[in-house]
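Student: Let me begin by handing over the structure; questions about it come next.
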Amino acid sequence: MTDSQESSSSHGDDAPGYRLEARRVIPAPAHEVFAVLCDPDGHVAIDSSGMLQSADGPQVTAVDDRFVVHMDRESLGDFDLGHYDVTVIITRFEADVEIAWTIDGQIKPPIGHTYGYRLTPVDGSATEVVSYYDWSDAHPKWRDSGILPVLDASALKATLGILERAVRRGYVRG
């Protein structure tokens, strides 16, 4: 296994660092990893933050697919929002290659940050998975407020470890 993390900008050298990435090689083919990432229950199963409590909705198969995640931000210890729901909206979808989403919830205007995964086959039986969190296109009200990023690169890295376990051992659904 290899792990790394980095902070970079998705808008080139002129923009401050509005993107975090972590990567890990998972000993499974890309389609097995991608299956977890397309399942709303998979998102809950691999969450390292403790915020995602449960999810409702079908497996995603295309851009603009949606599902609801029941959240509790208490685990972060920053803002007491109680239990609340967000809608995950798929913004990028290429089977076995990349999936990304933004969220819509109670906060208005919507924050506009993006979470995603890029998968690259390695040696036929493994997959390099890059987890990213990008807030470069977030609404300026939120991007410039100091509340972003919500998570740090260590949370992305931890989620990749949990993703590997979920791919190998399975996870609770529904």
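Student: Scan (1) closer than 22 Å to residue 54 by Cβ; (2) out of contact with any Lys or Arg (no Cβ under 8 Å at 6 or more places or on another chain) for the single condition residue 99 breaks and write down its number.
Tutor: Evaluating residue 99 over (1) closer than 22 Å to residue 54 by Cβ; (2) out of contact with any Lys or Arg (no Cβ under 8 Å at 6 or more places or on another chain) leaves (2) as the failure.
Student: Any residue at all in segment 123-130 that is buried (at least 21 other Cβ atoms within 10 Å of the Cβ) and of a type outside the set (D, E, K, R)? Break it down stepwise before answering.
Tutor: In the first step, residues of segment 123-130 are kept if they are buried (at least 21 other Cβ atoms within 10 Å of the Cβ); the result is 127, 129.
So of that shortlist, the ones also of a type outside the set (D, E, K, R) come out as 127, 129.
Among the residues of segment 123-130, at least one is buried (at least 21 other Cβ atoms within 10 Å of the Cβ) and of a type outside the set (D, E, K, R), which makes the answer yes.
Student: Inside segment 96-125, can you point out the residues that are hydrophobic (A, V, I, L, M, F, W, C) and over 16 Å from the mean Cα position of the chain (by Cα)? Show your work before the answer.
Tutor: Within segment 96-125, the subset hydrophobic (A, V, I, L, M, F, W, C) is 97, 99-101, 103, 107, 111, 119, 122.
Result: 107, 122.
So that you can scan it fast, the table gives a plain yes or no per residue for (1) under 20 Å from residue 36 (Cβ atoms); (2) modelled with pLDDT of 95 or more; (3) of a type outside the set (Ser, Thr, Tyr):
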residue: 114; (1), (2), (3): yes, yes, no
residue: 118; (1), (2), (3): yes, yes, yes
residue: 122; (1), (2), (3): yes, yes, yes
residue: 128; (1), (2), (3): yes, yes, yes
residue: 134; (1), (2), (3): no, yes, yes
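Student: Looking at 172, 150, which one is assigned to a loop (DSSP other than H, G, I, E, B), touching a His at 6+ places or on another chain (Cβ under 8 Å) and surrounded by fewer than 19 Cβ atoms within 10 Å (Cβ to Cβ)? Working first, answer last.
Tutor: Working: 172 fails: touching a His at 6+ places or on another chain (Cβ under 8 Å).
Exactly one residue qualifies, and that residue is 150.
Student: Another question, if that's okay. Provide a single number: the residues in segment 116-147 that are farther than 26 Å from residue 62 by Cβ and either acidic (Asp, Glu) or not in a loop (DSSP other than H, G, I, E, B) (or both). Working first, answer last.
Tutor: Keep residues of segment 116-147 that are farther than 26 Å from residue 62 by Cβ, which gives 122-126, 140-147.
Imposing the further condition that a residue be either acidic (Asp, Glu) or not in a loop (DSSP other than H, G, I, E, B) (or both) reduces the set to 122-123, 126, 140-144.
Matching residues across segment 116-147 total 8.
Student: Now for a separate question. Which residue is farthest from residue 130 (Cα to Cα), if the candidates are limited to segment 29-38 and must be buried (at least 19 other Cβ atoms within 10 Å of the Cβ) and in contact with a helix residue (DSSP H, G or I) (Cβ under 8 Å, 6 or more places away or on another chain)?
Tutor: 36
Student: Output the number of the condition that residue 56 fails; it satisfies all remaining conditions of (1) over 17 Å from residue 94 (Cα atoms); (2) out of contact with any helix residue (DSSP H, G or I) (no Cβ under 8 Å at 6 or more places or on another chain); (3) at pLDDT 95 or above.
Tutor: (2)
The values are calculated or read from the model by the stated rules, or taken from the named source; none is laboratory data. Keep in mind the model is a prediction, meaning the values are calculated, not measured. Backbone-built Cβ (ideal geometry, glycine too); neighbour counts: all protein chains shown.
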